[in-house]
């Protein structure tokens, strides 16, 4: 039975949680404590799978508790369930929690977040992956600005102006998003100086994804990555995202599918960031080994870590609660045939975009396309589309090649 630890100094709220989640008592072993110190004591007595904590508490507050849990029990999924926090508390919490939920939180949302976190152990049950991730000092957290933008998008009276204001509360975030929006990737007819303008012209979903990507990449310190080039990875990711969105629109004519393809491609290599910073010397050695032996990076990763960057990245995005289609696109972007797609979808779009970007940006001749899974495309009846995809994106990749929109990504 999975163990869940709830922490809140408001007794009425704890009792409310106990009543609300009572139907889960046969599946979860739930413990409710009123403060951070008691939470740490409970963790010392027995292992827990998930921690759900408030932020503002007397004594050891939420950020303090999260920091201790991250240090002493890094395998535990950390979820914040809190109302409005002070700016100081919010700043201190950055990077400490995997997910943020706002009070009041309905049963479906809270139960869903916990259930999804627990399901990860089944979906990604490879012991090598679990062991690897428990060695990472801290998995990156879902960016605060992203969660606030998402909440605004889901509100009944959603406002483009408010989305712009949310992004503008983080000056560094706003600057990087605007720099990217004004780059060659989007080809807007005029310069954009306000996040709200970007939302109007590109759409809220696209800007939301840019906020997520910038927030994720910014959590990594390039000085700790033993020479790993964050800038090169960022540029590959944004080029792949632009390609994936364009191809998906042509093949599906579905805006939602295109946005999922854009998000999946933008984040498809996030697992590389985790490996590069969590295990800098081992990852650098793995990449050197791949070059020396002429094997793929994923092959070298599997030999070195027992898992690949695709699996690590998918685990992280699933932990954050991103849609299954995006998680699958990240997990299978090198092996789309292992996914369950029976027609062109997000997995295929991200796989093709990643392969095409590597192929064209490296200046290979037409037809080599070594990373493309032709068996998968043949199964979907899409082999004949390869040349058309190449033609569509050739100019786009070439125009965007010198982009510096990711400068400053990675601290």
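Quick notes on this structure:
- Taking the C-alpha atoms only, the angle from helix 309-319 to the longest principal axis of the chain is near 40 degrees.
- Note on the chain: with a GNM built from Cα contacts shorter than 10 Å, the maximum mean-square fluctuation among 45, 56, 392 falls on 45.
- With eigenvalues of the C-alpha gyration tensor scaled by 5 and rooted, the stretch 285-357, Å: 24, 15, 9
- Based on C-alpha pairs under 8 angstrom that are at least 6 apart in sequence, the chain has a relative contact order of 14 percent.
- Over 17 Å [Cα-Cα, the stretch 166-248], rounded percent: 49
- Global geometry of the stretch 2-123, whether rounded, prolate or oblate, following the gyration tensor of its Cα atoms and the 1.5 cut on a/c: rounded
- Rounded to the nearest 10 degrees, the angle from helix 171-181 to the longest Cα principal axis of the chain is 30 degrees.
- When the helices of the chain are scored as -39500 (n - 2.57) per DSSP H run of n ≥ 4 and the total is divided over every residue, the value at 222 nm lands at -18000 deg cm²/dmol.
- Taking only alpha carbon atoms, the stretch 146-193 gives an Rg to Rh ratio of 1.02, where Rh is the Kirkwood radius.
- Exposure proxy for 385, 70: other Cβ atoms within 10 Å of each Cβ, ordered fewest to most, give 385, 70.
- The stretch 209-336: equivalent-ellipsoid semi-axes (sqrt of 5 x gyration tensor eigenvalues, Cα, Å): 26, 16, 13
- Of the beta bridges in the chain, as assigned by DSSP with both residues counted there, near 0 percent are antiparallel.
- Helix 62-72 and the longest principal axis of the Cα set of the chain meet at an angle near 70°.
- Residue order, fewest to most beta carbons within 10 Å, for 155, 237: 155, 237
- Largest GNM mean-square fluctuation across 148, 311, 156, computed for the chain with C-alpha springs under 10 Å, falls on 156.
- With N counted as the residues of the stretch 1-72, its alpha-carbon radius of gyration over 2.2 N^0.38 Å works out to 1.05.
- Fewest-first ordering of 66, 132 by other beta carbons within 10 Å of each residue's beta carbon gives 132, 66.
- Highest mean first, the peptides 373-382, 168-177 sorted by other C-beta atoms within 10 Å per residue fall in the order 168-177, 373-382.
- Spin-label model, residue 155 to residue 250: label points 7 Å out along the Cα-to-beta-carbon direction sit 3.9 nm apart.
- For the chain, a Gaussian network of Cα nodes joined below 10 Å ranks 214, 160, 181 by mean-square fluctuation, and the top entry is 160.
Read the figures in this text as sums done on the coordinates, not as results from a lab. None of the values given here were measured: they were computed from a predicted structure. All Cβ positions, even for glycine, are placed from backbone atoms using ideal geometry, and neighbour counts span all protein chains on display.
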